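The values are calculated or read from the model by the stated rules, or taken from the named source; none is laboratory data. It should be emphasised that the depicted structure is a prediction, and the values quoted were computed from it without experimental measurement. Backbone-built Cβ (ideal geometry, glycine too); neighbour counts: all protein chains shown.
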Ligand code: MLT
């Protein structure tokens with residue numbers, strides 16, 4: 001069952017739909033909203049259990065998240081094919097959207113994400129994180145997780161962003177965190193879908209990303225026919241927050257060359 005998601009839209013034109021990382025919210029796309037709503041219809045959602053979107057149960061699997069996004073777009077009259085951008089968990093959801101409704105995807109932007117399923121070790125880490133969050137709350141994750149997500153350059157040169165990411169993690173709903181962790185742990189290997197993608201695709205990676213390496217993302221890009229791949233220097237996992245101009249410029253250039 002899906003429940004309507006909290007959704008924000010600004011501007012007019014081709015819809016660009018942004019899917020956020022775990023355990024953040026649509027607020028991570030505020031800079032993109034400001035820039036892209038000048039020429040496009042910017043759309044961002046809070047995935048189930050994050051920001052202002054409700055929890056739906058114990059496990060939010062990636063398919064449920066994808067179905068929730070599609071029905072929320074329908075409810076908001078956004079039925080036409082859109083450009084979808086997913087960062088990390090948002091990318092897992094985007095792969096499910098491509099499986100369920102490829103006709104809705106006019107173009108795809110994959111940032112700091114992967115198509116493969118969790119390893120046994122990552123599943124165990126998720127179960128440990130669920131334990132900690134259930135006992136101690138989301139704040140207990142904030143510092144270690146922000147450290148892992150942000151690149152070395154951001155950690156040493158951008159304390160404001162480090163604090164912002166920490167605060168966003170600490171503000172996340174523990175139930176939403178646990179449900180998404182269970183959903184990500186259960187996600188299937190989506191690699192076979194990569195060779196079927198016909199929408200123009202852009203794949204972006206951060207050179208300092210300790211969670212998904214540029215080498216892994218390059219391999220993913222090589223499986224998507226005609227995709228463009230860029231690895232952004234001085235950048236960790238949260239590409240658009242760590243290097244906003246590079247993220248946005250690659251995005252806009254891609255739209256101009258491959259989509260419009
Ligand atoms: C994210 O940034 O969304 C997470 O790293 C995804 C994950 O935990 O696999």
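Answer yes if at least one residue in region 66-79 is within 15 Å of the ligand (Cβ to nearest atom), surrounded by fewer than 24 Cβ atoms within 10 Å (Cβ to Cβ) and more than 25 Å from residue 258 (Cα to Cα), and no otherwise. No, region 66-79 contains no residue that is within 15 Å of the ligand (Cβ to nearest atom), surrounded by fewer than 24 Cβ atoms within 10 Å (Cβ to Cβ) and more than 25 Å from residue 258 (Cα to Cα).
Results for (1) surrounded by fewer than 18 Cβ atoms within 10 Å (Cβ to Cβ); (2) within 16 Å of the ligand (Cβ to nearest atom), shown as yes or no for each residue.
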residue: 4; (1), (2): yes, no
residue: 8; (1), (2): no, no
residue: 13; (1), (2): yes, no
residue: 19; (1), (2): no, yes
residue: 23; (1), (2): no, yes
residue: 28; (1), (2): no, yes
residue: 34; (1), (2): yes, no
residue: 40; (1), (2): no, no
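Which residues, taken from region 140-153, are assigned to a helix (DSSP H, G or I), under 19 Å from the mean Cα position of the chain (by Cα) and under 18 Å from residue 244 (Cβ atoms)? Scanning region 140-153 gives 146, 149. If you go through region 6-44 and pick out every residue that is in contact (Cβ under 8 Å) with a residue 60 or more places away in the chain, touching a strand residue (DSSP E or B) at 6+ places or on another chain (Cβ under 7 Å) and within 20 Å of residue 184 (Cα to Cα), you end up with 4.
Might you let me know whether region 190-202 holds any residue that is more than 16 Å from the ligand (Cβ to nearest atom) and closer than 20 Å to residue 156 by Cα? Scanning region 190-202, I find no residue that is more than 16 Å from the ligand (Cβ to nearest atom) and closer than 20 Å to residue 156 by Cα, so the answer is no. Would you confirm whether any residue within region 126-145 is surrounded by 16 or more Cβ atoms within 10 Å (Cβ to Cβ) and closer than 27 Å to residue 257 by Cα? Scanning region 126-145, I find no residue that is surrounded by 16 or more Cβ atoms within 10 Å (Cβ to Cβ) and closer than 27 Å to residue 257 by Cα, so the answer is no. Restricting attention to region 88-126, the residues that are touching a helix residue (DSSP H, G or I) at 6+ places or on another chain (Cβ under 7 Å) and either part of a helix (DSSP H, G or I) or within 16 Å of the ligand (Cβ to nearest atom) (or both) total 21. Within region 1-54, the set of residues being at pLDDT 95 or above, touching a helix residue (DSSP H, G or I) at 6+ places or on another chain (Cβ under 6 Å) and assigned to a loop (DSSP other than H, G, I, E, B) comprises 5, 20, 21, 22, 23, 24, 46, 47, 48, 49, 50, 51.
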